[in-house]
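Structure first, then comments.
Since every read-out is calculated from the coordinates, none of them should be taken as a lab result. Remember, it's a predicted structure, so these values are computed and weren't measured experimentally. Every residue, glycine as well, gets a Cβ built from its backbone with ideal geometry; the counts of neighbours run over all protein chains shown.
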Amino acid sequence: GAVVSQHPSRVICKSGTSVKIECRSLDFQATTMFWYRQFPKQSLMLMATSNEGSKATYEQGVEKDKFLINHASLTLSTLTVTSAHPEDSSFYICSARRDLREETQYFGPGTRLLVL
Amino acid sequence: GQQVMQIPQYQHVQEGEDFTTYCNSSTTLSNIQWYKQRPGGHPVFLIQLVKSGEVKKQKRLTFQFGEAKKNSSLHITATQTTDVGTYFCAGSNDYGQNFVFGPGTRLSVLP
């Protein structure tokens with residue numbers, strides 16, 4: 001159990017366009033979902049924490065108007081990169097936590113974004 | 001703020017050799033988790049340690065949580081090529097806040 005999916009797995013877009021990435025917990029309800037960004041050969045950088053039905057909590061330095069997060073249900077969270085620029089090109093990974101007592105995070109396969 | 005460090009950054013070993021990665025936190029942790037990320041893949045949860053001085057084993061992997069709950073180690077006995085990947089430790093402070101990943105240790109195993 002505890003499978004998390006992400007869609008799309010890869011996306012290429014033009015500079016100035018917006019891209020939406022979906023994160024779904026397939027076999028459990030996620031009380032909390034997390035969005036990370038990972039640069040090549042580097043660690044995971046937490047961007048924001050998302051709880052169903054409430055506003056996401058963004059980490060310092062992450063622009064909330066640029067990276068819009070919507071956690072519409074207990075199984076779905078979306079990250080929209082608005083007005084994308086080449087420097088937004090990265091590997092975006094979501095993870096989900098099953099319940100508040102468990103800190104284990106189950107990661108999605110990631111979405112590779114390339115902005116031209 | 002809380003910082004989590006890992007050493008070494010890279011490790012190349014011959015297949016069959018042992019490997020250890022160390023994780024150190026600037027603050028006391030409520031728990032420590034270890035993840036493995038294969039090249040091109042996503043992090044996969046390995047284990048969580050909660051108690052001071054706790055030691056857990058998974059086949060050839062041995063995980064240890066320091067007495068002061070500020071450091072941890074992962075030891076792999078007799079590495080195999082399937083052990084290749086980056087090993088991350090992650091933890092939150094004593095108040096369950098600020099869940100932070102370490103920078104990872106990238107392991108290469110030469111056949």
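Over chain A, what is the mean sequence separation of C-alpha contacts under 8 Å (at least six apart), divided by residue count, expressed as relative contact order in percent?
Result for chain A is 37 percent.
How much of the DSSP bridge set in the protein assembly as shown is antiparallel, in percent, rounded to the nearest 5?
Close to 90 percent.
Which of B:71, B:105, B:41 sits farthest toward the positive end of the charge dipole of the stretch B:36-111, with +1 on the Cβ of Lys and Arg and -1 on the Cβ of Asp and Glu?
Working it through, the farthest residue towards the positive pole turns out to be B:41.
From the mean inverse distance of alpha carbon pairs (Kirkwood) and the Cα radius of gyration, derive Rg over Rh for the protein assembly as shown.
Dividing the radius of gyration by the Kirkwood radius yields 0.98.
Please quote Rg/Rh for the stretch B:47-111 to two decimal places, taking the Kirkwood radius as Rh and restricting both calculations to Cα atoms.
1.01
Give or take rounding to whole Å, what are the principal axis extents of the alpha carbon atoms in the stretch A:51-116, in descending order?
The Cα atoms of the stretch A:51-116 stretch 41, 24, 22 Å along their principal axes.
Order by neighbour count: A:47, A:33, B:5, fewest other Cβ atoms within 10 Å first, most last.
B:5, A:47, A:33
If you filter the stretch B:1-65 for trypsin sites (Lys or Arg not before Pro), then keep DSSP loop positions with at most 16 other Cβ within 10 Å, what is left?
Sites meeting the loop and neighbour criteria: B:51, B:59, B:60.
Just tell me how shielded A:28-41 is by partners: mean number of partner chain Cβ atoms within 10 Å of each residue's Cβ, no decimals.
Taking all residues of A:28-41 together, the mean is 1.
Please report, to two decimal places, log10 I(q)/I(0) for chain A at q = 0.16, 0.17 Å⁻¹ as given by the Debye formula with identical point scatterers on the Cα atoms and no solvent.
Rounded to two decimals, the profile gives -0.67, -0.76.
Tally Lys/Arg at +1 and Asp/Glu at -1 over every other residue whose Cβ is under 10 Å from the Cβ of residue B:61; what's the total?
Once positives and negatives cancel, what remains is +4.
Could you tell me what a quarter of the Cα convex hull surface of chain B works out to, in nm² with one decimal place?
6.3 nm²
Enumerate the lysines that residue B:51 could reach by cross-link, defined here as Cα to Cα under 24 Å, with residues fewer than 8 away along the same chain left out.
The reachable lysines, counting only those whose Cα sits under 24 Å from residue B:51, are B:36, B:59, B:69, B:70.
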